[in-house]
1. Only one of (1) of a type outside the set (D, E, K, R); (2) surrounded by fewer than 19 Cβ atoms within 10 Å (Cβ to Cβ); (3) closer than 22 Å to A10 by Cβ; (4) over 15 Å from the mean Cα position of the chain (by Cα) fails for S166. Which number is that?
2. What are the residue pairs meeting all of these: first residue in the range 86-100, first residue modelled with pLDDT of 95 or more and of a type outside the set (D, E), second residue assigned to a strand (DSSP E or B) and surrounded by fewer than 22 Cβ atoms within 10 Å (Cβ to Cβ), Cβ atoms under 7 Å, and 6 or more apart or on different chains?
3. Hey, which of the helices (runs of 4 or more DSSP H) in the range 127-207, taking only ones fully inside, have at least 2 residues that are within 11 Å of ligand 1 (Cβ to nearest atom)?
4. For residues in the range 1-46 being of a type in the set (S, T, Y) and within 16 Å of ligand 2 (Cβ to nearest atom), which is surrounded by the most Cβ atoms within 10 Å (Cβ to Cβ)?
5. Check A109, A52 and return the single one that is away from ligand 1 (no atom under 15 Å from the Cβ), assigned to a strand (DSSP E or B), free of Cβ contacts under 8 Å to residues at least 60 places away in the same chain and surrounded by 15 or more Cβ atoms within 10 Å (Cβ to Cβ).
6. So the check is Cβ under 9 Å with 6+ separation or different chains; which pairs have a first residue in the range 1-26 that's more than 22 Å from A183 (Cα to Cα) and a second one that's away from ligand 1 (no atom under 16 Å from the Cβ) and of a type in the set (V, I, T)?
7. Only residues in the range 166-195 that are away from ligand 2 (no atom under 16 Å from the Cβ) count as the first member; pair them with residues that are modelled with pLDDT under 95, Cβ under 7 angstrom, at least 6 apart or cross-chain, and list the lot.
Amino acid sequence: MLVSPSLLSADFGNLDRDIEMCNNSDAAMLHCDVMDGVFVPNISFGFPVIKAVARVARKPLDVHLMIVNPQNYIGAVRDCGAEIMNVHQEACVHLDRTIQAIKAAGMKAAVTLNPSTPVVMLEDVIDQLDMVLLMSVNPGFGGQKFIPNTFNKIKRLRQLITDSGSKALIEVDGGVNLDNAAALAAAGADVLVAGSAVFSAPDPSGVIAAMAAIKS
Ligand code: DX5
Ligand code: ZN
């Protein structure tokens with residue numbers, strides 16, 4: 001299982017320390033949540049902070065943009081050193097164009113779906129995607145309760161990926177912890193984002209190692 005710890009739950013006063021913990025852990029990537037107070041009812045951090053994270057991080061950055069008009073920031077995300085740019089389907093009127101522009105900028109393209117958005121919305125772009133992020137909470141805050149319908153969505157998405165021959169990975173974000181990680185892997189998830197489950201734990205790198213050890 002690939003694990004992407006979400007820095008939203010890290011200690012922003014000790015970011016270097018928390019990123020270094022991730023560097024020395026079994027994390028596959030680092031999840032950076034950008035919120036604009038418009039697309040979601042909260043504001044987190046922006047590009048100057050991600051650039052600072054990139055200077056310390058030795059894992060690829062998985063940037064999740066919970067913002068309106070994400071297509072206006074493709075160059076800014078690339079300049080932060082991001083490997084994966086995640087845009088919400090609900091925020092993109094011209095999703096196909098935005099996916100093409102992300103790839104032309106040299107990044108991997110991922111599209112995120114809110115809990116209420118059906119998987120079928122990606123039917124006509126799935127073959128172009130490197131990853132699909134299924135929100136398992138309504139985006140905007142860390143530490144929320146996992147929405148069980150996510151299991152049905154993972155299965156439907158796995159079917160869509162298989163039918164289309166897409167190589168997209170399935171990432172799940174929100175309320176992921178050691179109690180549901182194995183079931184998510186069994187349902188077909190490839191990448192687990194975990195914020196509070198990692199950073200609120202007494203042994204954060206132990207939680208990352210335990211999740212990473214789950215067979216997908
Ligand atoms: C929520 C963010 C998540 C958040 C997850 O809107 O997209 O990445 O950090 O936090 P937990 O794992 O605590 O639910
Ligand atoms: Zn996220």
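1. (3)
2. Once the first residue is modelled with pLDDT of 95 or more and of a type outside the set (D, E) and sits in the range 86-100, its partners that are assigned to a strand (DSSP E or B) and surrounded by fewer than 22 Cβ atoms within 10 Å (Cβ to Cβ) give Q89/L113.
3. Qualifying helices (runs of 4 or more DSSP H): 196-199.
4. S4
5. A109
6. Taking only residues 6 or more apart or on different chains, the pairs are L15/V56; D16/V56; I19/V56; E20/V56; N23/V56.
7. Listed by first residue and then by second, the contacts come to A185/K215; A185/S216.
Yes/no per residue for (1) within 15 Å of ligand 1 (Cβ to nearest atom); (2) more than 20 Å from M131 (Cα to Cα):
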residue: H31; (1), (2): yes, no
residue: V34; (1), (2): yes, no
residue: V40; (1), (2): yes, yes
residue: I43; (1), (2): yes, yes
residue: P48; (1), (2): no, yes
residue: R78; (1), (2): no, no
residue: V87; (1), (2): yes, no
residue: A104; (1), (2): no, no
residue: L113; (1), (2): yes, no
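The values are calculated or read from the model by the stated rules, or taken from the named source; none is laboratory data. The structure displayed is predicted, hence computed values, not measured ones. Here Cβ is always computed from backbone atoms with ideal geometry, including for glycine, and neighbour counts include all displayed protein chains.
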